[in-house]
Amino acid sequence: MRMILAVMYREYRIRTTSMTWLFYDMFMPLTYLLIFGIGFESAVTGGISMGGEQLGYNAFFLAGVLSMASFGIAINTAYGFFVDRDNGIFYEFLTYPMTRAEFLIGKILFNSLLALVQATVTIAIGGTLLGLPIHWERMGLVAVGQVLGTTGWFFFLTTFAIRIRRNDMFNTFINVAYFLLMFGSSMFYPVETLPRWLQTVSLINPLTWHTDVLRYATIGAGSAQSVLLEGAAFVAFLAVAFALAVQTIRNPLRT
Amino acid sequence: MTLRDNIVIRARDLVKIYRKKSQDPVRALDTLNLEVGQGEIFGLLGRNGAGKTTLLRILSTLIEPTSGTAEVCGWDVVKEPYRVRQSICAVLQENAVEIFLSVLDNLGTYGRFHSIPRRQISARAEAVMAQFGLEEYRHQKVIDLSGGLKRRVQVAKVFMVDKPVVFLDEATTGMDPVNKRATLDAIREHARQGRTILLTTHILQEAEELCDRIAIVDHGRCIVTGDLDMIKSMATRAYDVNVTFERMSPEILETARTFPLLKLRTTPTTLEMSVKGSDVSTFALLDALSRVATIVHFEVTSASLEDVFLELLGTKDQGGTKGEAP
């Protein structure tokens, strides 16, 4: 536990050296909701139809913002591997008296805390300002969704961040992954309104599973049964991503 | 874990082959054997690509060997990597610092990772900063420091903690002479306290001054291991011969070049040569030189480590290990 706390402390110290990072971490998802969300709410005047229910766009988009925030934190943390590798400290870390799993868990716990603070700020301020129909009694499920989501995406991206040596290659990979995963998911629009082929892409996309769980937890949209199934699928995705990440970090120099 | 024979680091038949797609495999270590005792300062010398860094990477659990075994403090590096990491601290070849943190925070976070009680961290950081002349930079972010200062911060970190084994991969590279001296003093002091230091360096004077024992690594094997005197004696009785003339002339150089010298350097009036006793008679050399110019002064001394190094490696294939370790 001491090593996990040491990793968290180190992440905290680095994070608090920049006001820009702090602003991004705390308020960026809220800003997304307040600008992009309001813009779309104005454009989509009839609202969004989901499971026979009409929702305001911002109410629908709230879960998308939260899952995007999780994904964003995971991307930043994965980029952190490149910064650490460029500064040599990454390899030095791996000689410290901790297991590879402790190293990854320390990082993810700190970033999960960050995701929770982001979600709290976004839901509390965004929900109140925009009058969103928040299911406050399900905030525990939102917290679980944010933590598991951030964790899953972090482990997924860690594998690639360590395997891909070139910063520009990783940048390209992230751009492609970001585009495909986000626009091929239920983040911005309901899956049932999409063409069949895109529905298939969305339904096998872990970002859809993550977003749907958060949507159910925040505004109660979707059925409990399908959300349970999607939650289980995401946990399986997380377990595989964790195993791959630990296996990758055991041989960081790819020898 | 009980140590056998007081041996803290042991490598047996260690082999490491790097395999990369579309490249020939690189055999960085080739049945390397090594033993380092407690409290020793042990130097690994060798050309670039000889296998020194690969050995340190295996011993610090960054990579696994292809075959063979290695132990640190009695723990197997493959089977018990966590135990090994509890016993070591390492300065790797690359700069390794937290660039966004201050010097003080770098030392503080390092201390936390090595389980130094929180109330001791500050005192130790102060002591280490004083030792390495970092006090005036304590609140500066490392990203704003020069390369030499960054290296100083990196090296200073390992003296924050009391791990029984310290790995130093070219630790003094990029340091100014004053801080190099401080580092060498710190290494000596910590060895006196019973810590085992395994270092690599290209600065042979440094190894000569510091190390209790030395191994010369070539093509992934230790070709010679022993204390300095033993290595020098193994190196076929090499000598440094310095001859001073009234003035240098082309004839002097031509005459010197007729002998198989290990090293030949000239100053305006002096020839600095290294000769292998079995190949060259020092008297014959002096006699030949005295026939072409007046010798003002001559001096014959036993060879330096550099001469031995050049002799042992210079007479072999100059190719080194094919390719570079990643």
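The values are calculated or read from the model by the stated rules, or taken from the named source; none is laboratory data. What you see is a predicted model; the values in this text were computed from it and never measured. Cβ coordinates were reconstructed from backbone atoms using ideal geometry, including for glycine residues, and neighbour counts include every protein chain displayed.
Some points to look at:
- The number of residues in the stretch B:185-229 that are loosely packed, with under 15 Cβ neighbours inside 10 Å and assigned to a helix (DSSP H, G or I) comes to 7.
- Failed condition for A:Val7, given (1) within 14 Å of chain B (Cβ to nearest Cβ); (2) in contact (Cβ under 8 Å) with a residue 12 or more places away in the chain; (3) loosely packed, with under 14 Cβ neighbours inside 10 Å: (3)
- Lone qualifier among A:Arg2, A:Arg13 - being buried (at least 17 other Cβ atoms within 10 Å of the Cβ), at negative phi and at the interface with chain B (Cβ under 10 Å from one of its Cβ atoms): A:Arg13
- The stretch B:118-151, subset basic (Lys, Arg) and in contact with a Gly (Cβ under 8 Å, 6 or more places away or on another chain), residue nearest to B:Asp169 (Cα to Cα): B:Arg151
- Any hit, the stretch B:158-169, residues being within 26 Å of the chain's Cα centre (by Cα), of a type outside the set (A, V, I, L, M) and facing chain A (nearest Cβ under 10 Å): yes
- Those residues of the stretch B:107-124 which are more than 14 Å from chain A (Cβ to nearest Cβ) and of a type outside the set (D, E, K, R), in sequence order: B:Gln120, B:Ser122, B:Ala123
- B:Pro25 vs. criteria closer than 18 Å to B:Glu80 by Cβ and either modelled with pLDDT of 90 or more or of a type outside the set (D, E, K, R) (or both): no
- Just one of the listed residues (A:Thr20, A:Thr31) is out of contact with any Pro (no Cβ under 7 Å at 6 or more places or on another chain), closer than 24 Å to A:Ala59 by Cα and free of Cβ contacts under 8 Å to residues at least 40 places away in the same chain, namely A:Thr31.
Rundown of residues vs (1) over 30 Å from B:Tyr18 (Cα atoms); (2) touching a Pro at 6+ places or on another chain (Cβ under 9 Å), yes/no style:
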| position | (1), (2) |
| --- | --- |
| B:Leu55 | no, no |
| B:Leu62 | no, yes |
| B:Ser67 | no, no |
| B:Gly74 | no, no |
| B:Val78 | no, yes |
| B:Glu98 | no, no |
| B:Tyr110 | yes, no |
| B:Ile116 | yes, no |
| B:Glu126 | yes, no |
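- All positions within the stretch B:31-50 that are crowded, with 18+ Cβ neighbours inside 10 Å, modelled with pLDDT of 90 or more and not aromatic (Phe, Trp, Tyr): B:Leu32, B:Leu34, B:Glu35, B:Val36, B:Glu40, B:Ile41, B:Gly43, B:Leu44
- Unique residue being more than 14 Å from every other protein chain (Cβ to nearest Cβ) and closer than 15 Å to B:Val217 by Cβ when the list is B:Gly49, B:Gly37: B:Gly49
- For the stretch B:65-102, a tally of residues being more than 7 Å from every other protein chain (Cβ to nearest Cβ), closer than 20 Å to B:Lys157 by Cβ and crowded, with 23+ Cβ neighbours inside 10 Å returns 4.
- Residue match in the stretch B:171-192 (condition: of a type in the set (A, V, I, L, M), modelled with pLDDT of 90 or more and either on the phi < 0 side of the Ramachandran plot or not assigned by TED's automatic domain parsing to the domain that holds B:Glu71 (or both)): no
- Check on A:Ser67, surrounded by 19 or more Cβ atoms within 10 Å (Cβ to Cβ), of a type outside the set (A, V, I, L, M) and touching a residue at least 60 places away in the same chain (Cβ under 8 Å): yes
- The number of residues in the stretch A:216-245 that are in contact (Cβ under 8 Å) with a residue 40 or more places away in the chain, farther than 20 Å from A:Gln54 by Cβ and surrounded by fewer than 18 Cβ atoms within 10 Å (Cβ to Cβ) comes to 2.
- Restricting the stretch B:125-148 to residues that are of a type in the set (Val, Ile, Thr) and surrounded by 15 or more Cβ atoms within 10 Å (Cβ to Cβ) leaves a set whose member that is farthest from the other protein chains (Cβ to nearest Cβ) is B:Val128.
- At least 2 residues being among the β-branched types (Val, Ile, Thr) is the threshold, and among the helices (runs of 4 or more DSSP H) wholly inside the stretch A:85-162 those reaching it are A:100-121.
- Within the stretch A:105-137, tally of residues that are under 19 Å from the mean Cα position of the chain (by Cα) and over 21 Å from A:Trp21 (Cα atoms): 1
- Selection from the stretch A:80-99 of residues that are more than 9 Å from every other protein chain (Cβ to nearest Cβ) and crowded, with 20+ Cβ neighbours inside 10 Å: A:Phe81
- For the stretch A:2-74, the helices (runs of 4 or more DSSP H) that sit wholly inside it and include 1 or more residues that are touching a helix residue (DSSP H, G or I) at 6+ places or on another chain (Cβ under 8 Å), among the aliphatic types (A, V, I, L, M) and under 27 Å from A:Tyr189 (Cβ atoms) are A:19-32, A:38-43.
- Residue match in the stretch A:27-39 (condition: within 14 Å of another protein chain (Cβ to nearest Cβ) and surrounded by fewer than 19 Cβ atoms within 10 Å (Cβ to Cβ)): no
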